[in-house]
1. List every residue whose amide H lies under 5 Å from the amide H of D216, counting only residues 5 or more places away in sequence or on a different chain, with H placed 1.01 Å from N in the peptide plane.
2. Express the relative contact order of the range 146-274 as a whole percentage, based on alpha carbon pairs under 8 Å and six or more residues apart in sequence.
3. Using only the alpha carbons of the chain, determine the length spanned along each of the three principal axes and report them from longest to shortest in whole angstroms.
4. On the protein heavy atoms, probe 1.4 angstrom, tell me the percent of accessible surface of the chain carried by carbon and sulfur.
5. If R0 is 41 Å, what FRET efficiency do you get for L193 and E115 from their C-beta distance, rounded to 0.05?
6. Pick out, in residue order, every one of the trypsin sites (Lys or Arg not before Pro) in the range 76-126 that is DSSP loop and has at most 11 other C-beta atoms within 10 Å; say none if there are none.
7. Taking H placed 1.01 Å from N in the peptide plane, check which residues at least 5 places from V129 or on another chain put their amide H under 5 Å from its amide H.
8. On the full set of protein chains, 1.4 Å probe, figure out the accessible area of D150 and give it in Å² to the nearest 10.
Amino acid sequence: MFAEYLHGTGTTHFGFKTVPETSKESLVKDVFDSVASKYDIMNDAMSLGVHRLWKDDYVSSQKPGRRGPMKCIDVAGGTGDIALRILDYAREKYADRETSVSVVDINRQMLNEGERRFKKTMYHNTPQVSFHEGNAQALSKEEFPDNTFDLYTIAFGIRNCTSIPMVLQEAYRVLKPGGTFACLEFSKVTNPLLGSFYDQYSFSVIPLLGTILAGDRESYQYLVESIRRFPSQPDFAKMIQDAGFSTGGMFEGRGGAWRDLWGGVASIHTGVKV
């Protein structure tokens with residue numbers, strides 16, 4: 001698969017469509033160019049407004065700053081909402097003003113939104129945050145050397161990447177031994193009743209909201225479809241293990257490789273570089 005990706009001979013999915021691997025990156029870029037200025041509204045639509053609570057839970061579960069200042073990298077994090085939560089948590093819980101976050105996104109429009117957000121904060125123009133245009137599948141080795149970061153976060157982004165295994169390989173490369181990979185992503189609903197309601201909401205209501213809120217039905221339709229194409233919780237956990245990470249057991253909950261939120265509407269996966 002890696003060889004096919006590098007030579008552009010393979011195919012992948014873009015929502016429910018099959019497209020050449022060489023095309024997906026630009027197609028996804030077009031989607032996020034379209035939704036960048038309304039990204040929070042988009043996530044409100046996708047999550048019934050609870051994505052903010054999920055992100056708070058996700059960041060607090062990593063306890064940034066608990067063991068002293070950390071070097072963090074937030075990938076596909078252009079709008080800066082995860083980075084801001086990391087820095088606020090470290091400062092408010094542990095009086096830590098030295099933890100730093102490198103925010104990486106392939107999309108310049110999303111990074112512009114993040115930089116705009118941080119101009120309103122105490123972290124603007126400090127060493128605690130920096131913004132970088134980059135590809136999660138091939139991070140710059142000059143900017144992001146091997147064994148550099150204590151924490152790698154990626155929230156609602158990995159499903160949009162062409163090759164999930166390549167993203168995981170890069171995450172493993174840039175983390176220090178003992179560093180943590182943490183992913184928050186829409187996932188597979190485990191309760192049949194909730195699943196039926198969520199499917200109805202996703203395919204009927206979300207594209208309509210895209211039309212009303214952003215004048216862009218197609219981008220929202222893609223985002224719904226991309227969730228359905230993302231691997232199940234056990235399959236994704238196995239991919240994390242295959243990249244070299246140590247995870248919990250192959251089950252959900254305490255001691256497990258992942259933790260479901262809202263019955264699997266979203267999940268938090270973690271792994272440790274060994």
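1. T211
2. Details: 207 pairs, mean separation 39.8, N = 129.
The normalised contact order for the range 146-274 reaches 31 percent.
3. Projected onto the principal axes, the Cα atoms of the chain cover 46, 40, 39 Å.
4. On the way: 6400 of 12150 Å².
Answer for the chain is 53 percent, counting heavy atoms of protein chains only.
5. On the way: r = 43 Å, r/R0 = 1.04.
It comes to 0.45.
6. Working: sites: R85, R91, K93, R97, R108, R116, R117, K119, K120; in loops: R97, K119, K120.
Listed in order of number, the matching sites are K119, K120.
7. It is V101, by chain and number.
8. Roll a 1.4 Å probe over it and D150 shows about 40 Å².
The values are calculated or read from the model by the stated rules, or taken from the named source; none is laboratory data. Only a predicted model underlies this, so the values are computations on that prediction, with no experimental measurement involved. Because the Cβ atoms are built from the backbone with ideal geometry, glycine has one as well, and the counts that use them run over all protein chains shown. What goes into the accessible areas is simple: the full protein's heavy atoms, side chains included, and nothing from ligands, DNA or RNA. Shrake-Rupley method; radii C 1.70, N 1.55, O 1.52, S 1.80 Å.
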